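Here is the structure we will look at.
The values are calculated or read from the model by the stated rules, or taken from the named source; none is laboratory data. From a predicted model like this one, the values you see are computed outputs, not experimental measurements. Cβ sites come from the backbone with ideal geometry, for glycine too, and all protein chains shown count toward neighbours. Accessible surface is based on the protein model in full, side chains and every heavy atom, while ligands, DNA and RNA are left aside. Shrake-Rupley method; radii C 1.70, N 1.55, O 1.52, S 1.80 Å.
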Amino acid sequence: MSELTPRSRGRSGAVILALLITAAAAGCAPSVQAESQETETSTAAPLSAEEFADIQQELEKLVPLLQQGTGGAAELAVDKLREISCLRPEIEEQQKQTSWMSELSATAQDATAANAAQEQVVSTLEQEGWTVDREAGYADETDGPVREIVLSSGGLRATVTYERGESNPGHFVTVFLRTSCLEHPADHQMQRSPLDPDYGKSSQYYPDGA
């Protein structure tokens, strides 16, 4: 595997990406989320309470742009767009420390389509003012990430990844977006966006199902 290096803007369009945490295409894609989530969240810029509250609207504008920006190379689906806890699951008051996140995923027809979809996603982010921070390529990988690109914009961090499956054959594109964690008072209520597939389902921590 190669070391993370700055992205070369003159590089071929056959580059692959994935934005930042647990994305898998239709539940089938191999995932590098667990490994990258903690690292990328810890390096996201800190947010004030007011900025944190505005992130939902920012993501709700950005996510459809990313879906449209693939140009038909792959159909990105929204797996999650919600506030999630940063605390260990055994802690009951999960709402006291949270971050905003979104994950999208797609299964591409082949490597060419996956590469094209990822290039287009990154291009869309750059057009929206995002900056590429680093890139890793794993050209020989047959079961796992082929290329991963990390971007940032204000308090959001993005990881765009192309993964290839061997035991579960396929070409998977994932996009993971996440903010840094923020402390909240005990009466804080975690939110799910209407774009989240689980919006409206009753939950202990989300009011949209009430």
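Give the distance, in whole Å, between the Cα centre of region 62-116 and the Cα centre of region 145-179.
Each part's Cα centre sits 9 Å from the other's.
Suppose R0 equals 41 Å. What FRET efficiency, 1/(1 + (r/R0)^6) with r the Cβ-Cβ distance, do LEU195 and ASP143 give to the nearest 0.05?
E(calc), rounded to 0.05, equals 0.85.
If TYR206, TYR199 are ordered by their accessible area, calculated over protein heavy atoms with a 1.4 Å probe, which sequence runs from highest to lowest?
The most accessible residue leads, giving TYR199, TYR206.
With a ≥ b ≥ c the root eigenvalues of the C-alpha gyration tensor of region 101-151, is it rounded (a/c under 1.5), prolate (a/b larger than b/c) or oblate?
Note, shape of region 101-151 comes out prolate.
Using only protein heavy atoms and a 1.4 Å probe, report how much of LEU195 is accessible, in Å² to the nearest 10.
Counting only protein heavy atoms, the figure is 80 Å².
Tell me, what is the per residue accessible area of region 165-210 in Å², probe radius 1.4 Å?
Roughly 51 Å² per residue, with all protein chains present.
Once the Cβ-Cβ distance between ALA111 and THR131 is put in as r, and R0 is 30 Å, what FRET efficiency do you end up with, to the nearest 0.05?
According to the calculation, E is roughly 0.70.
Leaving ligands, DNA and RNA out of it, rank ASP133, ASP187 by accessible area with a 1.4 Å probe, largest first.
Sorted descending by solvent-accessible area, the residues read ASP187, ASP133.
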